[in-house]
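The values are calculated or read from the model by the stated rules, or taken from the named source; none is laboratory data. These numbers were taken from a predicted model, which means no experiment stands behind them. Backbone-built Cβ (ideal geometry, glycine too); neighbour counts: all protein chains shown. Surface areas here come from the heavy atoms of the whole protein model, side chains and all, with no ligands, DNA or RNA. Shrake-Rupley method; radii C 1.70, N 1.55, O 1.52, S 1.80 Å.
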Amino acid sequence: MKKTVITAAVFMVVTALAMAGNEVINAKIKDGVYTSDHGDIHILNSRSNKKTVGLYKGVGHLLLSNFTISGRGRVYTGSFSNGKKIGQVSFTPQSNQAWKGDWKWKTTTGRNKWDGKWDGTFKTSSKLKGLHMWNTFKTDFGTLDLIHNPEGKVAGFLYKDGQEYFVHGGFSGGSQMKFYAYISNSEDIIKTSGPFDIVMDWDYGLYGTITSKGRQYTNIRGSENGQTVNITLQTIKNYKNRGLMHGEERGKVTISASLFDEKGRHWTHTLYKDQSNITYKENKEKQVDKQYSNLVNYYNGGKGYYKNPILNLNFTHKRLRSISNASDRLVAHSIPMKDILDYLTYKRNSNSFQNASDGRKKISNSDHTFWLSESNGKRKVRGYAFIKYGNNDKWAYFYTIQLN
């Protein structure tokens, strides 16, 4: 790896000095489609503007990084693939919409020897219709910024744990559409064969496996509309009990949450659990205020993955008795998240929901009711869960759902 970096740096500097001329140009090549000596090229810059990917026709990919040479300007250098063959390139911007460049095969020897020129001129920034992967996908592994050309090539960047990685691969159509790609941490590492690092099905969302640093992550989901959702358990209230002492109940409460979608369980988390027996007095709220945050992938269209995520909230109370302990049965309530997400993302207004008591609203197919509010340009949903074990045990808990 060290040898490759040094070799790349040498040809980068030589090329830059040879091409720059007297005028110092420090422009960054903008995103978009360019005409070039080798056909149209789609260009996308990383969020840090330190890395760039390119697609050219159905032939291959470009992985580039850029740097400046004092008194000479900015240079983009890196690797390209052409079928199974690999080469090196150096582009010097003439403005943010044009570059002059050279290319050579990896097998070509000599610091100043190039196999041809590769100039580019800006054509358009318009996205063509029907290119499904030309989007940003939030996944529960990391965020993918991708471009997609008509010939089926895909490239972009993976953002994970504060790092950005090159991604290059393709998209196949047919009855089962797939996105497949390699992950690279260097512009000098471009792959044309071997097992893919990303293999995901696509149906207005992504689902599949990602292999990173030798470890395979399965059941990875991704969506253009992925959002980080904050669920805060606010209070627990014992309305009525059959405790041995008047007006109070003693035991342990557990409240957990699980998110399900068309592909199965997405995540599960314990929102609250008493570690020891707690006294809950009638008509008195226990303040909790514990928050849990996680990604929810959803699609707000009429078809595709994640169009109807379901949040399950589960409540149990294990009673303490002097003779024998007993557990009230698990009470699980399902909450269709689509209606809530549509409200939180301003796809629906509060007056589109059916009214319930105390200013709350009803959501279809849910036993919970909700207060819907908006403040400082952000919306919040406050849920009310009422639980009844026979006629004598009545509980409730209150929680909020907000987008990060």
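Numbers below:
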| quantity | calculated |
| --- | --- |
| Solvent-accessible area, 1.4 Å probe, carbon plus sulfur percent, for the chain | 45 |
| Mean projection area, nm², convex hull over Cα of the stretch 90-160 | 7.3 |
| Accessible solvent surface per residue of the chain, calculated while the other protein chains remain in place, 1.4 angstrom probe, Å² | 48 |
| Shape box of the stretch 227-403 [Cα atoms, principal axes, largest first, Å] | 56, 34, 27 |
| Relative contact order, percent, the chain [alpha-carbon distance under 8 Å, six or more residues apart] | 10 |
| Full-stretch length increase - ASN349, ASN391 - with 0.36 nm per residue and alpha-carbon distance subtracted | 11.5 nm |
| Cα point-scatterer Debye curve for the chain, base-10 log of I(q)/I(0) at q = 0.09, 0.10 Å⁻¹ | -0.68, -0.77 |
| Counted charge near MET200, where neighbours are those whose Cβ lies closer than 13 Å (Asp, Glu -1; Lys, Arg +1) | -1 |
| Using θ = phi - 60° and Karplus 6.51 cos²θ - 1.76 cosθ + 1.60, couplings along the stretch 91-108 (whole Hz; Gly, Pro as x) | 10, 10, x, 9, 6, 7, 10, 7, 9, 10, x, 9, 9, 7, 5, 4, 7, 6 |
| Mean separation of Cα contacts under 8 Å (6+ apart) over length of the stretch 25-224, as relative contact order % | 16 |
| Spin-label pair HIS269/LYS123, simplified geometry with 7 Å Cα→Cβ offset, distance in nm | 4.5 |
| Cα-based helix-to-principal-axis angle, 2-20 vs the chain, degrees rounded to 10 | 60 |
| Rounded to whole Hz, the Karplus (6.51, -1.76, 1.60) HN-Hα couplings of the stretch 179-188, x for glycine and proline | 10, 9, 6, 9, 10, 9, 9, 9, 5, 8 |
| Candidates per trypsin sites (Lys or Arg not before Pro) in the stretch 193-279, loop by DSSP, up to 16 other Cβ within 10 Å | LYS213, ARG242, LYS263 |
| Percentage of interatomic Cα-Cα distances in the stretch 180-273 larger than 20 Å | 62 |
| For peptides 86-93, 48-55, sequence by mean Cβ density within 10 Å, most packed first | 86-93, 48-55 |
| P(r) of the stretch 25-224 over all Cα-Cα pairs, binned every 5 Å from zero, in whole percent | 1, 8, 16, 21, 20, 16, 9, 6, 2, 0, 0 |
| ³J(HN,Hα), Karplus 6.51/-1.76/1.60, whole Hz, each residue of the stretch 35-49, x for Gly, Pro | 7, 8, 5, 10, x, 5, 10, 8, 10, 9, 9, 6, 5, 7, 6 |
